[in-house]
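Just so you know, all these numbers are worked out from the coordinates, no wet-lab data involved. Here the structure is a predicted model, which means the values were calculated and not measured. Note: ideal-geometry Cβ built from the backbone for every residue, glycine included; neighbour counts use all protein chains shown.
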Amino acid sequence: MKNLVNILLFIIGITFIIGCSASRVDVIKTSSEIVKLENNDNKQNILEDQHQNSIRFEYLHYRPVEYEKHKVQENENVHPNKGGLIYVYYKNTSNKPITLAHWRWNNFDESVWRLDNLICWDRKYGNKINPGQTSVLEINGTSKDFAENNDYNFEFISRNTWKSVLSHSGKLIKDQISIPLIRFKKGLKRIEIHVRSSSGDKNIEIEEIEIIGKQKIGLNILGRNLSPSGHAIASIELKESLNESELVIIKVNINESGKIRTVMAHRRAFEDYFPIGTWGAKREDYLMQRQHHIDTCVEGSNLKSEFYTKEARQYGYKSLATINYNDTHSLRINKKQSAIACLQLSDEPDWVTHPQQVLLHDSIARNAYPYAPTMTTLCRNVTFFEYAPIVDLPCMDHYCVTAPSTSKWPSPYGTKLEETGYYTRDLKVASEPKPIWVWSQGLFDWDERPQQTVPTPEELAVQLVQNIGNGAKGILWFTFRKNPGLEYPKTRNAIRGWGRVLRLIREDLLGSEPIINENIESPSNVDAMALVNNNRIILCVTNKDYKMYPDGYKFNKQEKAKIKISLPSWISPKNIVKILPKGVKEMDCNYDNNGNIIIDIDEFRDAMIIAISNNEQSGNAFKARFKSILLDERRDFSRGADDFVESYINGKPILNMEIEDPSVETVTSSIDSDLIYINVSEIKNTTDQVNAFIKSNSVRISSSNYNSKIDHECYLNPDGIIVLTVSNRNNEKRTVLVNQENLNFIKSIPAESTGTFLWPAQ
């Protein structure tokens with residue numbers, strides 16, 4: 001036994017020596033080779049780590065909490081927000097996907113900030129970042145840790161290696177260059193981007209504008225050289241249309257005192273739409289509401305209801321589709337419904353619902369129905385920063401007379417009418433670059449002011465123009481009820497009159513941004529707000545000289561009011577008109593020695609809108625459209641849109657040209673159809689072409705067809721009738737879907753024929 005043990009030990013020893021020798025022969029030949037191999041191994045590990053986990057910091061956008069504190073005071077602000085919004089943009093520069101585990105701020109994991117209630121919420125657009133992909137992290141910080149001028153260190157931890165793959169340090173400073181608005185036009189192929197400077201003394205030049213990951217075929221920049229407190233607008237056309245709901249990131253490269261740097265912004269892609277809406281809509285009231293220019297209403301999300309299957313298309317309605325948690329299944333199994341303007345998540349959640357719950361509701365809605373933006377209505381300006389950035393369409397309500405209020409009022413029945421303008425501005429600042437909607441005070445009878453339970457026409461007008469002038473991209477009347485309308489017919493007529501105005505300018509408003517106040521001068525008793533787009537200025541004016549009485553505010557008429565505007569470089573006024581509920585009237589102007597325009601307003605009592613345009617035919621176009629708008633006040637909308645579209649083939653009238661069982665969704669998705677967008681606010685030029693359809697003094701207006709399979713031209717006659725000619729040069733029938741504001745109609749054009757369609761401008 002002893003000898004056997006010795007033999008076994010001997011064999012083991014020999015095997016160990018041979019193994020070591022073999023290893024030494026195979027691996028360790030010389031000391032220099034050892035070092036070489038070890039260095040190669042380490043280098044390979046480092047390269048693989050970098051290869052798999054390379055995230056590059058692109059830009060950090062910081063926006064400190066901002067809201068009106070001096071002119072407005074909320075009744076309840078127990079936990080004031082002391083932080084701000086942080087958007088971190090980053091890019092995967094490797095050739096492999098990277099999965100992010102979590103972020104760190106000042107050496108603490110995201111869970112610490114979240115569980116200690118130091119942030120309100122945070123959101124990533126997916127944890128997996130593909131090679132070359134750029135994404136964004138949103139952090140809504142409410143504690144003083146996220147106050148302006150604080151130092152920070154930010155990190156991303158990779159799930160691949162559990163190591164930091166991005167580390168960036170800096171100071172939280174609000175950028176003086178910002179992107180206040182990204183606007184998506186119909187078809188999701190053309191985008192307008194506003195760039196604003198509040199630099200004070202720096203001249204900024206815009207070098208390039210990029211839509212990350214998208215190929216553009218056209219770029220035009222107005223105001224490329226940004227002066228202090230200046231403004232620029234970029235128009236971009238893409239090679240391919242965007243997908244609805246996809247995340248779009250804008251990158252603007254600027255030259256700042258010889259140094260090139262980047263400014264970025266983002267939002268989800270949806271065709272922007274300006275609603276004129278209301279809360280309640282009974283079937284028996286549809287006709288009355290449409291004749292008062294209301295085209296959007298609150299509805300449920302049951303897509304099998306009669307509203308969606310019939311009435312929406314019949315009356316030309318869109319819906320604020322209220323979506324609850326239990327509605328998502330029915331939405332998920334349905335395709336796109338063109339009548340849905342947005343998904344309304346909740347009403348005034350800033351009273352009772354934590355932002356985290358709203359964020360969850362928003363996420364569920366986005367996944368259930370990706371074809372429409374999410375929307376919620378807020379009411380407390382001290383919480384706008386916490387709630388507004390969550391949804392695609394932030395909305396607010398703040399009524400200034402005979403209504404419950406979240407703010408402190410000087411009287412039980414009312415406050416300054418400009419207060420709703422402050423709230424609109426606060427919501428906009430918290431929401432940029434997204435559009436915002438506003439509930440404006442209409443026909444709802446509260447009892448806080450028994451002698452006049454709804455706003456007077458003057459009170460209604462001032463509040464509305466304040467909402468518009470401070471950046472609203474949609475107006476929703478709260479509300480338009482039949483009985484108060486019968487009791488207060490003057491206020492009801494005011495809604496109809498201002499509905500005319502909204503229809504005339506809403507396309508302009510969608511593409512406009514407020515001009516910085518430093519560029520506007522007006523008398524102390526006049527509030528002047530100017531918005532600019534790529535071809536005109538919309539000047540919104542309200543009278544601040546009034547006294548508050550329990551039976552309605554009394555206004556002192558303003559006379560000889562002078563308003564001076566420092567014009568953006570691309571605005572060269574050729575036509576000026578005031579747009580009032582009763583009509584459109586020409587105006588004159590003067591200029592000072594510095595080239596600033598001076599508008600002289602002879603007199604006004606409550607509010608007015610002035611359009612300052614580059615095109616000398618703009619006034620005629622406004623007047624023509626006003627005539628067509630008046631026709632709608634007598635139209636029987638129950639007969640459907642096709643009832644008032646005249647159709648001709650090769651000059652001969654044709655009846656019943658619509659497709660059997662027409663479906664906007666089917667036509668839009670069909671490769672055999674052409675989608676034509678009409679924009680009456682974009683005047684191409686005047687025309688000398690006169691025939692049986694196109695009248696003398698007509699103007700050519702914008703029409704777009706991205707498929708380019710047909711030729712088309714569109715004109716606006718002086719009587720307010722639109723004339724669209726579509727030439728089908730193909731050897732087979734073509735189907736066209738025409739879209740103009742809330743009007744959609746479908747027509748077929750035989751092979752090698754020309755279709756002509758006439759209808760009153762919508």
Once you sort the root eigenvalues of the Cα gyration tensor of the chain as a ≥ b ≥ c, which label holds: rounded (a/c under 1.5), prolate (a/b larger than b/c) or oblate (the other case)?
prolate
Could you tell me which residue out of Ser164, Thr278, Thr353 lies farthest along the dipole of the chain toward its positive end? Charges go on the beta carbon: Lys and Arg +1, Asp and Glu -1, centred on the Cα centre.
Ser164
Residue by residue through region 480-485, what is 3J(HN,Hα) from phi via Karplus (6.51 cos²θ - 1.76 cosθ + 1.60, θ = phi - 60°)? Round to whole Hz and write x for glycine and proline.
10, 9, 5, 5, x, x
Could you pull out every residue, at least 5 positions away or on a different chain, whose amide H is within less than 5 Å of the one on Ala530? Hs are placed 1.01 Å off N in the peptide plane, and Pro or chain starts have none.
Ile515, Cys540
How would you order 425-438, 79-92, 554-567 from highest to lowest mean count of nearby Cβ atoms within 10 Å?
425-438, 79-92, 554-567
Listed by chain and number, the lysines with an alpha carbon less than 25 angstrom from that of Lys547, same-chain partners under 8 positions apart left out, are Lys69, Lys71, Lys408, Lys416, Lys490, Lys557, Lys560, Lys562
Projecting each Cα onto the charge dipole of region 53-171 (Lys/Arg +1, Asp/Glu -1 at the beta carbon, about the Cα centre), which of Asn153, Gly132, Trp113 comes out farthest on the positive side?
Gly132
Would you please put 526-537, 171-182 in order of how densely packed they are, using the mean number of other Cβ atoms within 10 angstrom per residue and starting with the highest?
526-537, 171-182
Say the dipole of the chain comes from +1 at the beta carbon of Lys and Arg and -1 at that of Asp and Glu; which of Pro394, Tyr553, Trp498 then lies farthest toward its positive end?
Pro394
Quick check: Cα centre of region 218-249 to Cα centre of region 309-370, how many Å?
29
Computed E for Leu486/Asn77 - FRET, C-beta separation, R0 51 angstrom, nearest 0.05:
0.80
In this model, which of Lys310/Lys684; Lys189/Lys574; Lys174/Lys318 are farther than 32 Å apart at the alpha-carbon?
Lys310/Lys684; Lys174/Lys318
Note down the relative contact order for the chain as a percent, whole number, built from C-alpha pairs under 8 angstrom at least six residues apart.
8
On Cα atoms only, tilt of 31-52 relative to the major axis of the chain in degrees
20
Can you return the aspartates and glutamates within cross-link range of Lys482? Criterion is Cα-Cα under 13 Å, with same-chain partners fewer than 8 residues away left out.
Glu284, Asp285, Asp445
Take every DSSP beta bridge with both residues inside the chain and express the antiparallel ones as a percent of the total, to the nearest 5.
80
Pro718 neighbourhood, Cβ < 14 Å, K/R = +1, D/E = -1, net charge +4
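Pairs Lys282/Lys434; Lys144/Lys171; Lys544/Lys578; Lys185/Lys473; Lys473/Lys585; Lys554/Lys578: which are spaced more than 21 Å apart, C-alpha to C-alpha? Display every interim value, and only then the final one.
Details: Lys282/Lys434 31 Å; Lys144/Lys171 14 Å; Lys544/Lys578 19 Å; Lys185/Lys473 13 Å; Lys473/Lys585 24 Å; Lys554/Lys578 23 Å.
Beyond 21 Å: Lys282/Lys434; Lys473/Lys585; Lys554/Lys578.
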Helix-only mean residue ellipticity at 222 nm, the chain, DSSP H runs n ≥ 4 weighted -39,500 (n - 2.57), per residue, nearest 500. What is it?
-6500 deg cm²/dmol
Pairwise centroid distance, computed over Cα atoms, of region 695-762 with region 527-579, Å
36
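If the only charges are +1 at each Lys and Arg Cβ and -1 at each Asp and Glu Cβ, what is the size of the charge dipole of region 177-268 around the Cα centre, to the nearest 20 debye?
Details: 16 positive and 11 negative charges, 53 e Å.
With Lys and Arg at +1 and Asp and Glu at -1, about 260 debye.
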Between 0 and 90 degrees, rounded to the nearest ten: what's the tilt of helix 618-632 against the longest Cα principal axis of the chain?
80
What is the helix-to-structure angle for 489-510, meaning the angle in degrees between its Cα long axis and the longest Cα principal axis of the chain, kept from 0 to 90 and rounded to the nearest 10?
50
At 7 Å along the Cα-to-beta-carbon direction for both Ala692 and Arg729, put a label point, then send me their distance in nm to one decimal.
2.4
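Quick one: putting +1 on the C-beta of Lys and Arg, -1 on the C-beta of Asp and Glu, what dipole do you get for the chain around its Cα centre, in Debye to the nearest 20?
Numbers: 93 positive and 95 negative charges, 174 e Å.
In debye, rounded to 20, the chain gives about 840.
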Give me the aspartates and glutamates in straight-line cross-link reach of Lys259: C-alpha distance below 17 Å, same-chain residues under 8 apart excluded.
Glu58, Asp175, Asp201, Glu205, Glu207, Glu208
